[in-house]
Amino acid sequence: MAANTIKFNKGNTLAVAHRGVSGLETENTCAAFIAAGNRTYWGVETDVYRTADGKFILNHDGNLKRIAGEDLAVEQVSFDVARAATLYDKDGVKRGDLHLASVDEYVRICKKYGKICVLELKSNFTDEELRRAVSLCRLYGVKTNIVLNPQLYGAELSQAVSLAEQLLSY
C-alpha cells in the first residue's frame with residue numbers, strides 16, 4: 001500500500017518532513033530529502049549517528065535490519081560499511097541506488113530547496129562532534145535546529161543544550 005502526503009490548511013503552522021518524505025520514499029535517503037524539497041515543508045528532519053570511524057551517517061534505528069535486511073549497528077561499523085548497504089524501496093524490493101545519506105548530502109539538499117535542517121542527534125555526541133555536525137550546516141549557510149535525546153545525555157543535558165544554543169546562535 002502506497003502512502004501519500006496529507007494536504008492541510010497550514011496557516012501559521014511550520015511543517016517538518018520526518019526523515020524526509022518517508023511516506024513516499026525510503027527514510028533518511030537523498031530521495032526522501034529531495035521529495036521533501038519539492039513540497040512546501042519548512043524543514044526536513046533527519047537522524048544522525050556517529051559511525052565507528054567517527055563519521056556521521058543518517059539512520060533512524062541505529063541498525064540496518066529493518067531498512068536493508070542487514071543486522072548492522074551503525075555505531076559499530078565504519079561509515080563506508082554502513083553506506084554500502086543497499087536499502088529497500090517502499091515496495092520492499094532493494095533498489096541499487098538507495099543508500100543511507102551523509103550529513104553533507106542532506107545539508108546540500110536542504111540548501112538547494114531552501115529548507116531548515118532539523119538534526120536529531122542519536123549518538124551521545126561529544127562537544128567536538130556537536131561542533132562538527134553544526135559546522136557542516138554552517139558551511140552551506142543553512143539554518144539548523146538540533147534535537148537532543150535527554151536519555152543519552154543524562155546529567156550532561158544542560159551542558160549539551162547550552163553548547164547547541166551557542167553554536168546555533170548565528
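The values are calculated or read from the model by the stated rules, or taken from the named source; none is laboratory data. All values reported here derive from a predicted model rather than from experimental measurement. Cβ atoms come from the backbone with ideal geometry, glycine included; neighbour counts cover every protein chain shown. The protein model used for the area step is the full one, side chains on, heavy atoms only, and it has no ligands, DNA or RNA in it. Shrake-Rupley method; radii C 1.70, N 1.55, O 1.52, S 1.80 Å.
Taking first residues from segment 100-116 that are within 20 Å of residue 129 (Cβ to Cβ) and partners that are open to solvent by 20 Å² or more (accessible area, probe 1.4 Å) and at pLDDT 95 or above, the Cβ contacts under 7 Å between residues at least 6 apart in sequence or on separate chains come to 100/83; 101/30; 105/30. Which of the residues spanning segment 57-88 are part of a loop (DSSP other than H, G, I, E, B), in contact (Cβ under 8 Å) with a residue 40 or more places away in the chain and open to solvent by less than 20 Å² (accessible area, probe 1.4 Å)? Those that are part of a loop (DSSP other than H, G, I, E, B), in contact (Cβ under 8 Å) with a residue 40 or more places away in the chain and open to solvent by less than 20 Å² (accessible area, probe 1.4 Å): 59, 62, 87. All of 144, 126 fail the test of being over 17 Å from the mean Cα position of the chain (by Cα) and either of a type in the set (Val, Ile, Thr) or more than 21 Å from residue 74 (Cβ to Cβ) (or both), apart from 126.
Condition first: assigned to a helix (DSSP H, G or I) and either open to solvent by less than 70 Å² (accessible area, probe 1.4 Å) or free of Cβ contacts under 8 Å to residues at least 12 places away in the same chain (or both). Now tell me which residues in segment 138-158 satisfy that.
Here is the first cut: in segment 138-158, the residues assigned to a helix (DSSP H, G or I) are 138-139, 150-158.
Selection gives 150, 151, 152, 153, 154, 155, 156, 157, 158.
Take residue 54 and tell me if it is open to solvent by less than 60 Å² (accessible area, probe 1.4 Å), assigned to a loop (DSSP other than H, G, I, E, B) and touching a Cys at 6+ places or on another chain (Cβ under 9 Å). So residue 54 fails the test.
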